[in-house]
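Q: I have a structure I would like to understand better, so I am pasting it below and will then ask my questions one at a time.
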Amino acid sequence: MSSVLVTGASGFIGAHVFGLLAREGHEVTGTWHGHEDRVPTVEGAAAELRSVRLDLEDDASIEAAFRAAWPEAVVHTAALSELKACEVEPERARRVNVEATAKLARLCQAFGARLLFCSTDQVFDGSRGDRSEEDEAKPIHTYGQTKLAAEREVARLLTHATSVRIALVYGESPSGDRSASEKVVRGLRVGPPPRLFTDERRSPVLVDDVARVLVDLLSERDLPLVHLGGPDAVSRWEFGVRVARAYGADEGAIEAVRMADLDLMPARPADLTLDTRRLRTNVPRPPRGLDAALAELAARAPEVAAG
Ligand SMILES: NC(=O)c1ccc[n+]([C@@H]2O[C@H](COP(=O)([O-])OP(=O)(O)OC[C@H]3O[C@@H](n4cnc5c(N)ncnc54)[C@H](OP(=O)(O)O)[C@@H]3O)[C@@H](O)[C@H]2O)c1
């Protein structure tokens, strides 16, 4: 790719995509909104790296970012991704997650650029798991509804775009506290001890593997929709236990709770595990299993578990 625009390069997934593309010698423009300092710096990148401010609620800002990059491809990770924030401000969630994605899709069409849109497992209602791309999506909260609406805009406006429904992501985030594994490790290290659901099931995936797959998907033009998750289906509680084991921390400190025990706003879908066969037959390096990926993660930052 001669030039790639990564929206949300200051975010968890976007920072990893930006870094990987830069290390592989692509010309990359990354966007940030409130946290310029979280866009990664990449030593010895062969091609030009730029970072620009983007406000997804401002059409002129979206156009300016696009023109700064003049991209051959766009990886759209930026979003209002917090469930509660979307529920509290549904109109804002719609502007940021749906209208801005449609604006980007129209620009991709005008410029002939490929679009990878980061969607979510939260488009499903959770009434049963192992969902494939053929299953009907029926989101139960505003975040899921806006992401599904954005997928539909992308499919309506572009022929060679891909919406990627991503499962629960863990690993190292630019803020140090964004990811599912960081929350567990922090809870075990400094408290309060994690309280994790036994009745919420997901297909967790390491952020490095998400970035790898997204970059590989840039050259898969004929895949309109694909599920991206790890091969292990586990409850949130079991995920926490596996994280604790990988870091040599005390798994007994994790409290097992049920979703009904907490006053969740919004209510969460129960089983969001994904059938990822389509992904596995279309990318050369699909995500690794939980234990192998956690072992690598813990080996990279073992000090996190100390204390
Ligand atoms: N993390 C997960 O487990 C997960 C799972 C499934 C799907 N996804 C999807 O994957 C994508 C990336 O998720 P993430 O976890 O990396 O999100 P994140 O860490 O919350 O990052 C969000 C990014 O969007 C930017 N942003 C927020 N509001 C913006 C606005 N109004 N204008 C422009 N930029 C704005 C943020 O910029 P600043 O920080 O600079 O303000 C940040 O770079 C999202 O689309 C999310 O729906 C994530």
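The values are calculated or read from the model by the stated rules, or taken from the named source; none is laboratory data. Nothing here was measured: the structure is a model prediction, and the numbers come from that model. Every residue, glycine among them, receives a Cβ derived from its backbone with ideal geometry; neighbour counts consider all protein chains shown. Accessible surface areas use protein heavy atoms only, side chains included; no ligands, DNA or RNA. Shrake-Rupley method; radii C 1.70, N 1.55, O 1.52, S 1.80 Å.
Q: Can you give me the orientation-averaged projected area of the convex hull built on the Cα atoms of the chain, in nm²?
A: For the chain, the mean projected area of the Cα convex hull comes to 14.6 nm².
Q: For the stretch 121-251, just say rounded, prolate or oblate: build the C-alpha gyration tensor, square-root its eigenvalues into a ≥ b ≥ c, call rounded for a/c under 1.5, and beyond that prolate if a/b exceeds b/c, oblate if not.
A: Prolate, since a/c reaches 1.5 and a/b exceeds b/c.
Q: Charges on Cβ only, +1 for Lys and Arg, -1 for Asp and Glu, centred on the Cα centroid of the chain; of Leu264, Val28, Val213, which one is farthest towards the dipole's positive end?
A: Toward the positive end, the furthest listed residue is Val213.
Q: Here is a follow-up. Would you mind telling me the antiparallel percentage of the DSSP bridges in the chain, rounded to 5?
A: 5 percent
Q: Once every DSSP H run of n ≥ 4 in the chain is given -39500 (n - 2.57) and the sum is divided by its residues, what mean residue ellipticity at 222 nm do you get, rounded to the nearest 500 deg cm²/dmol? Intermediate values should be presented prior to the final figure.
A: Working: 11 runs with 111 residues, N = 307.
Only helices count here, giving -10500 deg cm²/dmol.
Q: Turning to a different aspect of this structure: Net charge near Arg212: determine it from the other residues with C-beta under 15 Å of the C-beta of Arg212, scoring Lys and Arg +1 and Asp and Glu -1.
A: -3
Q: Specify the angular offset, from 0 to 90 degrees and rounded to the nearest 10, of the alpha carbon long axis of helix 180-190 from the longest principal axis of the alpha carbons in the chain.
A: Value to nearest ten degrees: 40.
Q: Mind counting lysine pairs for me in the chain? Cα separation below 18 Å, and the two need to be 8 or more apart along the chain or on different chains.
A: Here the count comes out as 4.
Q: In a shell of Cβ-Cβ distance under 14 Å around Arg201, excluding Arg201 itself, what net charge do Lys and Arg (+1) and Asp and Glu (-1) give?
A: -2
Q: Another one. Leaving out ligands, DNA and RNA, and with a 1.4 Å probe, what % of the accessible surface on the stretch 125-190 is carbon or sulfur?
A: Roughly 41 percent of what the probe reaches on the stretch 125-190 is carbon or sulfur.
Q: Could you tell me which of rounded, prolate or oblate describes the stretch 59-147, using a ≥ b ≥ c as the square roots of the eigenvalues of the alpha-carbon gyration tensor, with rounded for a/c under 1.5 and, failing that, prolate when a/b is larger than b/c and oblate otherwise? Please list the in-between numbers first.
A: Working: a/c = 3.06, a/b = 1.60, b/c = 1.91.
Oblate, since a/c reaches 1.5 and b/c is not below a/b.
Q: A further question follows. Alpha carbon centre of the stretch 183-221 versus the stretch 227-287: separation in Å?
A: 7 Å
Q: Top to bottom by accessible area (1.4 Å), largest first, where do Lys183, Lys147, Lys103 land?
A: Putting Lys183, Lys147, Lys103 in descending order of accessible area: Lys183, Lys103, Lys147.
Q: Under the rule a/c < 1.5 gives rounded, and otherwise a/b versus b/c splits prolate from oblate, where does the stretch 184-307 land using the Cα gyration tensor?
A: Oblate is the answer for the stretch 184-307, as a/c is 1.5 or above yet b/c matches or exceeds a/b.
Q: Can you give me the angle between helix 100-111 and the longest principal axis of the chain, using Cα atoms only, in degrees from 0 to 90, rounded to the nearest 10?
A: Between the helix axis and the principal axis of the chain, the angle is about 40 degrees.
Q: Compute the long axis of helix 236-246 from its Cα atoms, compare it with the longest principal axis of the Cα atoms of the chain, and write down the angle in degrees, 0 to 90, nearest 10.
A: That helix lies at roughly 80 degrees to the long axis.
Q: Something else: Quick one: net charge around His16, please, counting Lys, Arg +1 and Asp, Glu -1 for every other residue with C-beta under 11 Å from its C-beta.
A: Local net charge: -1.
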